[in-house]
Amino acid sequence: MYIKMENFCYLKIFFFIFIISSSSEAENMNMRNRVDKSTVFLVNVLSFGARANDQRDHTKAFVAAWDKACKSSSSSVHFIIPRGEFSVGPLRFSGPCTNVTNLTVQVKGHLKASTDLSKYRSGGGWIEFGWINGLTLTGGGTFDGQGALAWPFNNCTSDSNCKLLPTSLKFVGMNRTVVRRISSVNSKFFHIALVECRDFKGTRLNITAPSDSPNTDGIHIERSSNVYFSRSHIATGDDCVSIGQGNSQITITSIKCGPGHGISVGSLGKYPNEKDVKGLVVRDCKMSGTTNGIRIKTWANSPGLSAATNMTFENIIMNNVTNPIIIDQSYCPFSSCASNVPSKVKLSEIYFKNIRGTSSSRVAVQLHCSRGIPCKKVYLENVHLDLSSSEGGRKQSRNREYEAVSSSCRNVRANYIGTQIPPPCH
């Protein structure tokens, strides 16, 4: 009995120590959580002289706020642009931000670009993010390029040496970037451009400009890898998405495109020493009233050898699209091009799968490859494209139905699987 009582006393002491230890550990965990939250460094542009709905230029206030955010000793920083309108000129939000590993730019307001074109350098950006690791751009705000006043000065469709107007949002040399829930309207040139970026994700974007606005590509990607864009709506005056040279492992999914020029690979082969394109997937997208659906374009008389390979386009809906599927290896928008010289861009391993809908032109599939380097390994699987009802749809002749749409092929021997409307090239 004495031994049992002694054991019972020891058990009470052990239980008491356990309770104290557990309470202490819980308190330490709560303390760590409070410390983690308190280490998020907040930078609000209002603290640096910006005033919402004030017509004056806020560029200096934004630059000062960015300088404070980027040089923070905290690993986590929130850069805040609150609700209201803010007019800003060209902005360069540059890194590296040495101590910051997670930098969130929260834009809730409506940013308006300066209309003074003398402030912008050719080919630059209105708002440019560069050399930053771990950036998140979000908040539901709007980037208004005020492009209507600039578009009359865009002569790039006729002059190959034109001065390029500014891209609204330009990302250069970025790593681990997330852009979500923002809007871009009426860009002067491209809406969003990526150059030499790695591990980039964009989702829930709303991009709009008039259908006749020149060179207002929605998203342009160049010399980048591991890029993913999804669940976005793009209505603009040029390509909804354009894939330039030097890209690898690019995924474009669940994009609603139109009006615009569709989703394009290229143009490729304009400059010497261009890098190859490889590993592209375009999936679950819808084109409505666009001039092109899926387009691959390379320059005639390209100055150097390059390639685009391993590209898949699947589950694409075409609604009244002028050129639903098009490969054009004689691309030349200028009259001075030597278009009779074949393109030196090699196209191979191209897959068109489950493409359906309507074409507003009778040639629904156009595969015009280079006679110098013909296309290799081109596959069309389950393609069903009818003529839009405005063009009469299918016709009846002597009780026999014939297809109102057709295919046109040059310098390619495509492989066909499953349903094929229009009929394959012979």
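Kindly indicate whether Ile207 is under 24 Å from Thr290 (Cα atoms) and free of Cβ contacts under 8 Å to residues at least 40 places away in the same chain. Talk me through it step by step, then tell me what you get.
Details: under 24 Å from Thr290 (Cα atoms): yes; free of Cβ contacts under 8 Å to residues at least 40 places away in the same chain: yes.
Yes.
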Could you list, in sequence order, the residues of the range 240-263 that are part of a strand (DSSP E or B) and surrounded by fewer than 24 Cβ atoms within 10 Å (Cβ to Cβ)? Ser242, Ser248, Gln249, Thr251, Thr253, Ser254, Lys256
Give just the number: which of (1) crowded, with 19+ Cβ neighbours inside 10 Å; (2) within 22 Å of Ile182 (Cα to Cα) does Val100 not satisfy? (2)
Out of the residues in the range 373-390 that are in a loop (DSSP other than H, G, I, E, B) and either out of contact with any Ser or Thr (no Cβ under 9 Å at 6 or more places or on another chain) or at pLDDT 95 or above (or both), state the one that is surrounded by the fewest Cβ atoms within 10 Å (Cβ to Cβ). Pro374
Among the candidates Thr157, Thr115, single out the residue that is surrounded by fewer than 18 Cβ atoms within 10 Å (Cβ to Cβ), modelled with pLDDT of 95 or more, polar (S, T, N, Q) and part of a loop (DSSP other than H, G, I, E, B). Thr115
Condition (residue is among the polar types (S, T, N, Q), in contact (Cβ under 8 Å) with a residue 12 or more places away in the chain, within 17 Å of Ser213 (Cβ to Cβ) and surrounded by fewer than 22 Cβ atoms within 10 Å (Cβ to Cβ)) applied to the range 134-141: is it met by at least one residue? no
Kindly indicate which of Asn310, Asn319 is over 17 Å from the mean Cα position of the chain (by Cα), free of Cβ contacts under 8 Å to residues at least 40 places away in the same chain, assigned to a strand (DSSP E or B) and surrounded by fewer than 20 Cβ atoms within 10 Å (Cβ to Cβ). Asn310
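Taking into account only those residues within the range 264-300 that are among the hydroxyl-bearing types (Ser, Thr, Tyr) and not in a strand (DSSP E or B), which is surrounded by the fewest Cβ atoms within 10 Å (Cβ to Cβ)? So that I can check it myself, show each step before the final result.
Our first condition is that a residue be among the hydroxyl-bearing types (Ser, Thr, Tyr); within the range 264-300, this holds for 264, 267, 271, 288, 290-291, 298.
Those still in the list that are not in a strand (DSSP E or B) too: 271, 290-291.
Details: Tyr271: 12, Thr290: 27, Thr291: 20.
Top of the filtered list is Tyr271.
Answer yes or no as to whether Phe189 is surrounded by 17 or more Cβ atoms within 10 Å (Cβ to Cβ) and touching a Cys at 6+ places or on another chain (Cβ under 8 Å).
Working: surrounded by 17 or more Cβ atoms within 10 Å (Cβ to Cβ): yes; touching a Cys at 6+ places or on another chain (Cβ under 8 Å): no.
Here the answer is no, as Phe189 does not meet what is asked.
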Listed by range, strands (runs of 3 or more DSSP E) wholly within the range 160-231 having at least 2 residues that are within 18 Å of Trp126 (Cα to Cα), of a type in the set (Ser, Thr, Tyr) and at pLDDT 95 or above are 167-172, 175-185
If a residue must be within 25 Å of Glu222 (Cα to Cα), more than 23 Å from the chain's Cα centre (by Cα) and touching a residue at least 40 places away in the same chain (Cβ under 8 Å), how many such residues does the range 87-130 contain? 1
Consider Leu194 against the criteria (1) within 24 Å of Gly84 (Cα to Cα); (2) of a type in the set (A, V, I, L, M, F, W, C); (3) within 13 Å of the chain's Cα centre (by Cα): it satisfies all of them except one. Which criterion is unmet? (1)
For the range 316-342, give me each residue that is under 18 Å from Pro272 (Cβ atoms) and modelled with pLDDT of 95 or more. Gln329
So for the range 65-72 (the condition being at pLDDT 95 or above and part of a loop (DSSP other than H, G, I, E, B)), does at least one residue qualify? yes
Identity of the residue in the range 405-426, in a loop (DSSP other than H, G, I, E, B) and more than 14 Å from Glu381 (Cβ to Cβ), that ends up farthest from the chain's Cα centre (by Cα): His426
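The values are calculated or read from the model by the stated rules, or taken from the named source; none is laboratory data. Remember, it's a predicted structure, so these values are computed and weren't measured experimentally. Methodologically, a virtual Cβ is constructed for each residue, glycine included, from the backbone with ideal geometry; neighbour enumeration extends over all protein chains shown.
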